[in-house]
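Structure, as structure tokens:
The values are calculated or read from the model by the stated rules, or taken from the named source; none is laboratory data. Remember, predicted model here, so these are calculated numbers, not experimental data. Note that we place each Cβ from the backbone using ideal geometry, even for glycine, and neighbour counts take in every protein chain shown. Note: areas computed on protein heavy atoms with side chains; ligands, DNA, RNA excluded. Shrake-Rupley method; radii C 1.70, N 1.55, O 1.52, S 1.80 Å.
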Amino acid sequence: MATYRIKAEQMVTGGDCISSIDGKKIFVPLAIPGEELEVEITKEFRDYSVGKIVSVLTPSPHRVQPFCPLYGKCGGCNMMHIDSSQQQELRKSILKEAFMREGIEPPEIEVVAGSDRSYRARFQLHDGGLMERASNKIIQLDGCKCATAEVNRYLSEIAPQDRPKGRVHLFGSSSITSIPSDYDKIVIACEEERQRKKEERILKGQPRKTVNGRPMKKQKKIKPRFEGTTFNPANSCTIDLLGKNISFDVQGFFQSNLELLGKAIPLITEGLSGNNALDIYAGVGTFSIFLANSFKHVCLVEHNRDALAYAEMNLSGKSHESYGVSAENWIKNHSGQFTSLHGSFDAAVVDPPRSGMEKSVRNWLSSSQIPRIHSLSCDAATQARDVASLLKGGYRLDRLFLLDFYPQTCHIESLAWLSL
């Protein structure tokens, strides 16, 4: 196999470094900008290649020995070969570059960080282990350097062959309040239960019963607000977060790094107050719970009705209104009615999925005249795109934060403060 000598250049989204061979771009995992490397090409595409390091000829001063024996094999981490402070600088540079591509010169990016190991409370196991990098193979393990003590206790005490088969969700933290024991602070949920409920819903959609060979007419009925949700007490978890109890389903999404979530929430809600707050892509209402401290009324929009059922529990006793529809649907069919009844919004918190805000959401927010918008994102490129749209609508970007939820990885979460 031919090898090539290259110099690693910029690190890009995904954590690879780019270089070129005979004018063709090559992406190299596990490299550090500035290093001279010997690489071989593992995949060829029309416009680029993918390579792997054969040897590091001139290592970066930031290269360190990974502290996990599974690093490079396990698919979880991809920056453990870089010292922690430089990891943050590289994640900042990727975030800044995303904004620059949109024609935005961002303010100095502020880093919000916590522990760089023993932080991760949420895991997905596959047949008792973790997925190998770029493979369907399962790695069996008895501990993880990035996991919380509670998750590691489970991994060390339950042998792989004794763990549930299939895809299993774990959430382990000393912050869990729904488990009385101080020792066993972990909730385990198996995917088979969710699959069973899905199959039940499919069965309900089978052809209707017939009378004399003709389908029976469907009886009209008023649907309960959260009909169709898959609430399962066995999968429920309640944590204490900054003095508030927040419940969620461990099979759904919830942040893995509770230490950093506790640091981020004050920034997400800081400076926001008034009569009405809008929480779009609200999930289980984590931010709304804190917004309710400084607003008379909170409006939650979340298409996932399972999550919204938890939001209703979490905001019990708080003045709020929730909509189990997509953000696009809410804007089209409900936003006008809400503002006519309650008045305009004084602030909005937006936390979309990786794909970012839909175009209609960006357009509506851009013309909404909401004085303050705090935009969260788990993708640098879509965050920059969404902010660019808001800037065209007359907003200004006041502050930009790198929320360093996932040390040892290239994953970037950010928070943008925007105002009129």
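Quick notes on this structure:
- The one condition in (1) crowded, with 17+ Cβ neighbours inside 10 Å; (2) touching a strand residue (DSSP E or B) at 6+ places or on another chain (Cβ under 7 Å) that Arg153 fails to fulfil: (2)
- Within the option set Leu415, Leu400, being within 14 Å of Phe99 (Cα to Cα) and touching a Pro at 6+ places or on another chain (Cβ under 6 Å) holds for one residue only, Leu400.
- A search for C-beta distances below 9 Å between a residue of the stretch 334-348 that is in contact (Cβ under 8 Å) with a residue 60 or more places away in the chain and any residue that is of a type in the set (D, E, K, R) and buried (at least 19 other Cβ atoms within 10 Å of the Cβ), counting only pairs 6+ apart in sequence or on different chains, returns Asp346/Arg372; Ala347/Arg372; Ala348/Asp279; Ala348/Arg372.
- Members of the stretch 393-410 found to be surrounded by fewer than 20 Cβ atoms within 10 Å (Cβ to Cβ) and more than 18 Å from the chain's Cα centre (by Cα), listed by number: Gly393, Gly394, Arg396, Leu397, Asp398, Arg399
Yes or no, residue by residue, for (1) touching a Phe, Trp or Tyr at 6+ places or on another chain (Cβ under 6 Å); (2) hydroxyl-bearing (Ser, Thr, Tyr); (3) crowded, with 23+ Cβ neighbours inside 10 Å; (4) within 18 Å of Asn245 (Cβ to Cβ):
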site	(1), (2), (3), (4)
Ser273	no, yes, no, no
Asn276	yes, no, no, no
Tyr281	no, yes, no, no
Val301	yes, no, yes, no
Asp306	no, no, no, no
His320	no, no, yes, yes
Ser340	no, yes, no, no
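- Residues of the stretch 370-392 classified as in contact with a Leu (Cβ under 7 Å, 6 or more places away or on another chain) and open to solvent by 20 Å² or more (accessible area, probe 1.4 Å), total: 3
- Gln87 fulfils the conditions (1) open to solvent by 20 Å² or more (accessible area, probe 1.4 Å); (2) among the polar types (S, T, N, Q); (3) closer than 29 Å to Gly172 by Cα except for a single criterion, (1).
- Qualifying residue in the stretch 313-320 (condition: closer than 21 Å to Phe254 by Cβ, part of a helix (DSSP H, G or I) and over 18 Å from the mean Cα position of the chain (by Cα)): yes
- Pick from the stretch 53-73, criterion of a type in the set (A, V, I, L, M) and assigned to a loop (DSSP other than H, G, I, E, B), ranking: nearest to Asn152 (Cα to Cα): Leu70
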